[in-house]
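Note sheet for the following structure.
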Amino acid sequence: MKTIKLAPVILLFLFIMDSNFSQAAGTVKINYTVTFPEAQAHYADIEMDVSGLQQNSLILKMPVWTPGSYLVREFSKNIESFNASANGKQLAVLKTRKNWWRINTRGLAAITVKYRVYCFEISVRTSFVDASHGFLSTTGIFIYPDKMLHQPATIHIIPYKGWTKVSTSLDMVNNDPFTRHAPNYDILFDSPIEVGNQDVFGFDAAGVKYEVCMVGGGSYDKEKLKVDMAKIVQQETAVFGENPNKHYVFIVHNYFRGGGGLEHLSSTTLGASRDNYATEAGYRNFLSLVAHEHFHLWNVKRLRPIALGPFDYDNENYTTNLWIAEGFTAYYQNLILRHANLTTPEIFLGSVANEMSTLQNTPGERIQPLADASYDAWIKAYRPNENSVNTTISYYDKGAEVATLLDLEIINDSKAKYSLDDVMRYMYDTYYKLKKRGYTDAEFKQGLEKFAGKKLDDFYKDYVYGLTPIDYGKYLAYAGYKITDELANSNDPSLGITLNTSSGKKIVTSVLRGSAGWIDGINVNDEIISVDGAITDVASMLSGKKPGDKVSVAVMRDNLPLTLTVTLLRNPKVTYKVEELPSPTAAQLTVRKKWLGL
């Protein structure tokens, strides 16, 4: 980069200009009022009052993405009826970018901005409003003044008729639940708000008051949840040595079919299926989601890749370390339940095997390295298409598998003195608490090596930056286990396609790389009519066939008939199972005890 020397007088001018701006920004006061005059039509109305202005123009912005969900979502697309006024007169507003509005504030000390936000997208990262409740995902609700992310703000909520409660991690003002204070915009944008008549209950754990707000009803047992969620909190706090919150909020949206979660600094939003709490598997899956999102209050919200904070809300924030931020968290969500005795060792090992199977059954695992999967999340992970299975992997899945290997490596090499827990605690203490910044790729690797007691260059080369097949057997053997494929002796034939059956039509939705369909030209969106004249489901169509057989596949493509000759191949799908090695040694049993919390 070419360096330009500035004359002292220019430097002085820049310092004065910056100081004047800081002084001006420091006197600014920002207040929001949120109303829902047409909640039934999915609108939130926002009034923003800005006072203490000492500048000639003001640029207001809305974030284009929300931290924790790595996709530019263009929240400003939902804004309408944007206007500004001062002293009873309308002000000219110029939209200068997709998410920027410029207002002439020359001679004005205060302005009022009003706009509406259409809120009708059900997810943990987007706002939804109807007559029953309002969920405000704050990055898509509140605009902010440019260069004033450090400014505090007050949010006053006027509820829709019949709504009586507010749930958020933002502190109350004068004990008014409908008036909340945000110390700065990073905290405001990390604090979703639920307004309505949610079922609220709480518990204390690790010295922190926890609030659970349930929206949409459900078959949950409050008393059981209090006990089991507290166990998760205690176990995760033990990993890091402290719980940095005073108050934490779980916002749970219960739907007929729901899922997913989004972490925040002192809260999380979860999606759940309202009737799944009544089943053993459904309840365990909910606890696993709780464990995952709550673990994030340390891993990514505080212990974070250096690229993830301070945030740039206008653009993508790229990092190659989402496999640590999300993948390690995906590993811990199951390990925490095991260590808290909320699942059995067999269930935990089953989850490990399932993740291994999922990864092996994804052709993209041979194409996309783990670090690349992290970096390309912004353009690939949240924008999957019909070929994604062939070209990409989930940094959740492979990251969790890599965490499994590293945990076993550290436990084995340290003779069970250390585990991955020690790495997480050390990194949290060193980078979040002491250095007060995120970590680089090299620094996290150094933290792992500190407790493994050796260099991990080859491990990173093979499994993080490379495409070397994972040697599961080597690492599981440290704990006296082996991996077996229950389908190893299968010789079933396969076309290598997935179908969606709708209105009686069998439509191809994906074709696996290297499969019979891939090689011989079956396409996504083809309608499968028959195989060798058979017109039942594809499994029955292949009944009696074997790998190597040639079959005639009749399809409709773009409403034209086409017949393809396809040579069947063996189905490469694996179903892994973790089993005990015969006669495990004392050293292996020591690793196993440490790993599984026995």
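The values are calculated or read from the model by the stated rules, or taken from the named source; none is laboratory data. As the structure is a computational prediction, the values presented were derived from the model and not from experiment. Virtual Cβ from ideal backbone geometry, glycine too; neighbours counted across all protein chains shown.
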Point to revise | Given (1) of a type in the set (Lys, Arg); (2) in a helix (DSSP H, G or I); (3) out of contact with any Pro (no Cβ under 7 Å at 6 or more places or on another chain), index of the condition Lys301 fails | key: (2)
Exercise for review: With respect to Asn387, determine if the residue is of a type outside the set (Val, Ile, Thr) and farther than 28 Å from Val578 by Cβ.
Suggested key: yes
**Study point:** Every residue from the range 304-332 that is touching a residue at least 60 places away in the same chain (Cβ under 8 Å), assigned to a loop (DSSP other than H, G, I, E, B) and among the β-branched types (Val, Ile, Thr)
**Key:** Ile306, Thr320
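Yes or no, residue by residue, for (1) under 21 Å from the mean Cα position of the chain (by Cα); (2) at pLDDT below 95; (3) part of a helix (DSSP H, G or I):
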site	(1), (2), (3)
Glu211	no, no, no
Met214	yes, no, no
Gly218	no, no, no
Lys224	no, no, yes
Val227	no, no, yes
Ala230	no, no, yes
Ile251	yes, no, no
Leu262	yes, no, no
Leu265	yes, no, no
Practice item. Considering every residue within the range 113-131, establish whether at least one is surrounded by fewer than 16 Cβ atoms within 10 Å (Cβ to Cβ), in contact with an Asp or Glu (Cβ under 7 Å, 6 or more places away or on another chain) and of a type in the set (D, E, K, R). Key: yes
Exercise for review: Could you grab the pairs with beta carbons closer than 8 Å, sequence gap of 6+ or different chains, first residue in the range 127-154 and assigned by TED's automatic domain parsing to the domain that holds Ala110, second one among the acidic types (Asp, Glu)?
Suggested key: Ser127/Glu121; Phe128/Glu121; His133/Glu194; Gly134/Glu194; Phe135/Glu194; Leu136/Glu194; Thr138/Asp190; Leu149/Asp186
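Restricting attention to the range 85-100, which residues are closer than 27 Å to Asp190 by Cβ and buried (at least 16 other Cβ atoms within 10 Å of the Cβ)?
Of the range 85-100, the ones closer than 27 Å to Asp190 by Cβ are 95-100.
Residues satisfying the conditions are Asn99, Trp100.
Quick check on my filter: what residues within the range 148-181 are among the β-branched types (Val, Ile, Thr) and surrounded by 15 or more Cβ atoms within 10 Å (Cβ to Cβ)? Show your work before the answer.
Residues of the range 148-181 that are among the β-branched types (Val, Ile, Thr), as a first pass: 154-155, 157-158, 164, 166, 168, 173, 179.
Those that are among the β-branched types (Val, Ile, Thr) and surrounded by 15 or more Cβ atoms within 10 Å (Cβ to Cβ): Thr154, Ile155, Ile157, Val166, Thr168, Thr179.
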Exercise for review: Could you figure out which of (1) more than 28 Å from Asp429 (Cβ to Cβ); (2) buried (at least 22 other Cβ atoms within 10 Å of the Cβ) isn't true of Glu293?
Suggested key: (1)
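Among the listed residues Asp537, Asp458, Asp492, Asp471, which satisfies the condition of being of a type in the set (D, E, K, R) and surrounded by 14 or more Cβ atoms within 10 Å (Cβ to Cβ)?
Working: Asp537 fails: surrounded by 14 or more Cβ atoms within 10 Å (Cβ to Cβ); Asp458 fails: surrounded by 14 or more Cβ atoms within 10 Å (Cβ to Cβ); Asp471 fails: surrounded by 14 or more Cβ atoms within 10 Å (Cβ to Cβ).
Answer to the selection: Asp492.
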**Study point:** Condition met for Glu74 (without any contact (Cβ under 8 Å) to a residue 40 or more places away in the chain, at positive phi and outside the structural domain of Tyr255 (by TED's automatic domain parsing))
**Key:** yes
**Study point:** Of residues in the range 81-124 being free of Cβ contacts under 8 Å to residues at least 12 places away in the same chain and among the small types (Gly, Ala, Ser), the one farthest from Thr138 (Cα to Cα)
**Key:** Gly107
Review point. Among the listed residues Leu512, Leu596, Leu568, Leu542, which satisfies the condition of being at pLDDT below 95 and surrounded by 15 or more Cβ atoms within 10 Å (Cβ to Cβ)?
Key: Leu542
Check your understanding: If we only count strands (runs of 3 or more DSSP E) wholly inside the range 1-67, which ones have 2 or more residues that are within 30 Å of Trp378 (Cα to Cα) and either among the hydrophobic types (A, V, I, L, M, F, W, C) or modelled with pLDDT of 55 or more (or both)?
Key -> 43-51, 57-61
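Regarding Asp372, is this residue closer than 30 Å to Gln446 by Cβ and either part of a loop (DSSP other than H, G, I, E, B) or free of Cβ contacts under 8 Å to residues at least 24 places away in the same chain (or both)?
No.
I'd like the residue in the range 410-421 that is more than 24 Å from the chain's Cα centre (by Cα) and not in a loop (DSSP other than H, G, I, E, B) and, out of all such residues, is surrounded by the most Cβ atoms within 10 Å (Cβ to Cβ).
First, pick out the residues of the range 410-421 that are more than 24 Å from the chain's Cα centre (by Cα): 410-419.
Still in the running and not in a loop (DSSP other than H, G, I, E, B): 410-413.
Values: Ile410: 28, Ile411: 26, Asn412: 20, Asp413: 16.
Once the filter is applied, the top-ranked residue is Ile410.
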Exercise for review: Please give the strands (runs of 3 or more DSSP E) falling wholly within the range 72-146 in which 2 or more residues are over 23 Å from Pro183 (Cβ atoms).
Suggested key: 79-86, 89-91, 93-97, 100-104, 110-118
